[in-house]
């Protein structure tokens, strides 16, 4: 059949999307290397803060960080933040437990409320001369373990006020859902690597976010949002703070079941949508474009492939060649994603295999999340490291 205007638009969207993905990934690496300063930070202390509802995984994370630091020998303290009434005991690997009292009042809820209390706690220590003003805070969730390289970047690099890194689904858990979660690494290696390096972030994630004391003092978590990490990072950048990016990474555990996967994506999707009105103007535009881009690329590429394979549409040679090139570039991007996760050649092949299943799963879970409407409460999932 002759190409209709709709099909032509589908082809154009697919080609532009696929080429853009590999271009952004390559540009992110080039800009990151070019902009990275050799200046060293003047930090007296790196606070690694784990916010938890009492999961025992917190003990494992603290122990592993201590074991890594036995080789690095950096001035590190591990702080754990919990709500009052949480059943959580200390350990020799944890330096400080901060308990958020029930009486603490804030516009923030859930995790953000705990983060704000811990921030005010640090500022109070500074006023009492019990904490040096030359510190940095590395935020972790209770399923995330930073790599040695990222801990070193957090402590030594002097070219950032806020540092983000790549999310790698490497911790123990479901092999299937870890495989389907490769999209998170893909997003980090594209959207985050370039735009965060330019201090024009699209996404911001809290696990593996490091901030210096100036940001910690100036930027509050006191706002009502379930996408607190995104809002915090965007507000910080809009206030003139520099954002940096590290490829070293933080290892996380993907959801263990389909139900948990859907629950997590529903919270994230609606948290972002409901927070768009809070974001600064430029941030709101970037994030909105990324959302639309994400919802267009999968259905357009699938429709293009199916119609072509069934000979429902016939492409002229130029369109066909461009489509094949776009497909190859898209697959290369996924191969690089797989390699970065495993750092072994055969992971490149695993990345190729993950390309469509991970894209499909991300699209479907996000679509279901929107159709189910916002969750009425802050839903958490099981954790494992």
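Limited to region 215-260, what total is found for residues that are over 20 Å from residue 287 (Cβ atoms) and assigned to a strand (DSSP E or B)?
Within region 215-260, residues that are over 20 Å from residue 287 (Cβ atoms) and assigned to a strand (DSSP E or B) number 7.
How many residues does region 127-148 contain that are farther than 25 Å from residue 55 by Cβ and either in contact (Cβ under 8 Å) with a residue 40 or more places away in the chain or crowded, with 19+ Cβ neighbours inside 10 Å (or both)? Talk me through it step by step, then tell me what you get.
Pass one, region 127-148, residues farther than 25 Å from residue 55 by Cβ: 127-135.
Now narrow it down to the ones that are either in contact (Cβ under 8 Å) with a residue 40 or more places away in the chain or crowded, with 19+ Cβ neighbours inside 10 Å (or both): 131-135.
Counting residues in region 127-148 that are farther than 25 Å from residue 55 by Cβ and either in contact (Cβ under 8 Å) with a residue 40 or more places away in the chain or crowded, with 19+ Cβ neighbours inside 10 Å (or both) gives 5.
Against the definition (free of Cβ contacts under 8 Å to residues at least 40 places away in the same chain and surrounded by 24 or more Cβ atoms within 10 Å (Cβ to Cβ)), how does residue 188 come out, yes or no?
Details: free of Cβ contacts under 8 Å to residues at least 40 places away in the same chain: yes; surrounded by 24 or more Cβ atoms within 10 Å (Cβ to Cβ): yes.
Criteria met by residue 188.
Just wondering, is there one or more residues in region 255-278 that are touching a residue at least 60 places away in the same chain (Cβ under 8 Å), under 20 Å from residue 355 (Cα atoms), buried (at least 24 other Cβ atoms within 10 Å of the Cβ) and touching a helix residue (DSSP H, G or I) at 6+ places or on another chain (Cβ under 8 Å)?
yes
Just checking: which of the strands (runs of 3 or more DSSP E) contained wholly in region 54-173 hold 2 or more residues that are touching a helix residue (DSSP H, G or I) at 6+ places or on another chain (Cβ under 8 Å), over 23 Å from residue 36 (Cβ atoms) and at pLDDT 95 or above? Break it down into steps so the answer makes sense when it comes.
Working: elements: 76-83, 96-100, 135-140, 162-169.
Hits in region 54-173: 76-83, 96-100.
So residue 174 clears everything in (1) under 17 Å from residue 115 (Cβ atoms); (2) touching a residue at least 24 places away in the same chain (Cβ under 8 Å); (3) over 19 Å from the mean Cα position of the chain (by Cα) except one condition, right? Which one?
So residue 174 meets the others, but not (1).
The values are calculated or read from the model by the stated rules, or taken from the named source; none is laboratory data. Please read these numbers as outputs of a predicted model, since none were measured by experiment. For neighbour counting, all protein chains shown are included, and Cβ atoms are generated from backbone atoms with ideal geometry for every residue, glycine included.
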